[in-house]
Amino acid sequence: MKNIKNLLQLKRLYQLKNMGYNYTDMINIDTDQPESPTLSSNMDELRKTVLQCHFCQLSKTRNNVVFGEGSEDAKVVFVGEGPGATEDATGRPFVGRAGALLTKMIENVLEIKRREVFIANVVKCRPPNNRVPTFDEVMKCKPYLDKQLEIIAPRLVVALGATAFTHLTGEKSSISKVRGELFEMKNYKLIPTFHPSYLLRNPSAKKEAYADLLKIKSFL
Ligand code: URA
């Protein structure tokens, strides 16, 4: 029992370190404690915290934090990689060219209004030159996405592209191999599909993305 408590203590300390803390008062480990004790379960409070975040280097180059947007009652949450230039300029997720395609996928194929779903990213600040976020950046930012998913409690999460898939599932498989499959996560189901930016560069993959969307539609 003492060993388990020590391991939990160590896990919690690493979580806090990943969130940017260098110091904590004594923490009392209790196995029923929530995963992110320091983050509010109120979306507006959480937004305030995220908008002020300086835990990683992306905060130094961002113009705006892109918290995510949509319904707190959403049955489905779409998760991308990280904000691009237009998102960084506006503070809103998926509003550039890839965003226009995502909106069409949601509204024309799934026949749901964009405002009825929730759209978020693995990292909330733009990686310079749209590079893939580093492991350290993801570790610092991911607790925010986890908390958003905990608050919304969707039935389904759609992972858009490999970065979202890997960091949500902990699996490294290529997106073309896993796309369209249903994954059972602890609190929701997850279906990965191609990232809209990939579809803009590779229009021939739209056929497969369409098949994934039909699967998502029938699940919902
Ligand atoms: N690509 C992403 O992954 N997220 C956005 O918000 C925009 C483009």
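The values are calculated or read from the model by the stated rules, or taken from the named source; none is laboratory data. From a predicted model like this one, the values you see are computed outputs, not experimental measurements. Every residue, glycine among them, receives a Cβ derived from its backbone with ideal geometry; neighbour counts consider all protein chains shown. Ligands, DNA and RNA are stripped out before the accessible areas are found, and what is left, the full protein with its side chains, is counted by its heavy atoms. Shrake-Rupley method; radii C 1.70, N 1.55, O 1.52, S 1.80 Å.
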Note to self: With the requirement that a residue be more than 23 Å from residue 153 (Cα to Cα), open to solvent by 50 Å² or more (accessible area, probe 1.4 Å) and within 11 Å of the ligand (Cβ to nearest atom), what does the stretch 67-94 give you?
What the structure shows: 85, 86, 90
Next item on the list: Considering only residues that are among the charged types (D, E, K, R) and assigned to a helix (DSSP H, G or I), look in the stretch 172-220 and name the one that is least open to solvent (accessible area, probe 1.4 Å).
Entry: 212
Checklist line | helices (runs of 4 or more DSSP H) within the stretch 1-117 that include 1 or more residues out of contact with any helix residue (DSSP H, G or I) (no Cβ under 6 Å at 6 or more places or on another chain) and modelled with pLDDT of 95 or more | finding: 43-51, 58-61, 85-90, 97-104
Next item on the list: Could you list, in sequence order, all residues of the stretch 152-168 that are in a strand (DSSP E or B) and farther than 21 Å from residue 200 by Cα?
Entry: 156, 157
Check: With (1) in contact with a Phe, Trp or Tyr (Cβ under 8 Å, 6 or more places away or on another chain); (2) within 16 Å of residue 119 (Cβ to Cβ) as the list, and residue 220 as the residue in question, which single condition is left unmet?
Finding: (1)
Checklist line | Filtered residues of the stretch 52-66 (kept if closer than 12 Å to residue 123 by Cα and either free of Cβ contacts under 8 Å to residues at least 12 places away in the same chain or exposed (fewer than 13 other Cβ atoms within 10 Å of the Cβ) (or both)) | finding: none
Check: Within the stretch 151-170, which residues are β-branched (Val, Ile, Thr), buried (at least 21 other Cβ atoms within 10 Å of the Cβ) and closer than 12 Å to residue 120 by Cβ?
Finding: 152, 157, 158
Next item on the list: Working only within the stretch 54-66, note down all residues that are more than 11 Å from the ligand (Cβ to nearest atom) and either polar (S, T, N, Q) or touching a Cys at 6+ places or on another chain (Cβ under 8 Å) (or both).
Entry: 55, 56, 57, 58, 59, 61, 62, 63, 64, 65
Check: For residue 105, which of the numbered conditions (1) within 16 Å of the ligand (Cβ to nearest atom); (2) over 17 Å from residue 75 (Cβ atoms); (3) of a type outside the set (Lys, Arg) fails to hold?
Finding: (2)
Margin query: For the stretch 155-170, give me the residue count where each residue is more than 16 Å from the ligand (Cβ to nearest atom) and touching a helix residue (DSSP H, G or I) at 6+ places or on another chain (Cβ under 7 Å).
Written below: 1
Note to self: For a quick check of your reading of the model, give me the residue pairs whose first member lies in the stretch 73-101 and is under 12 Å from residue 195 (Cβ atoms), whose second is part of a loop (DSSP other than H, G, I, E, B), with beta-carbon atoms closer than 6 Å and at least 6 apart or on different chains.
What the structure shows: 81/122; 81/161; 82/123; 82/127; 82/133; 84/96
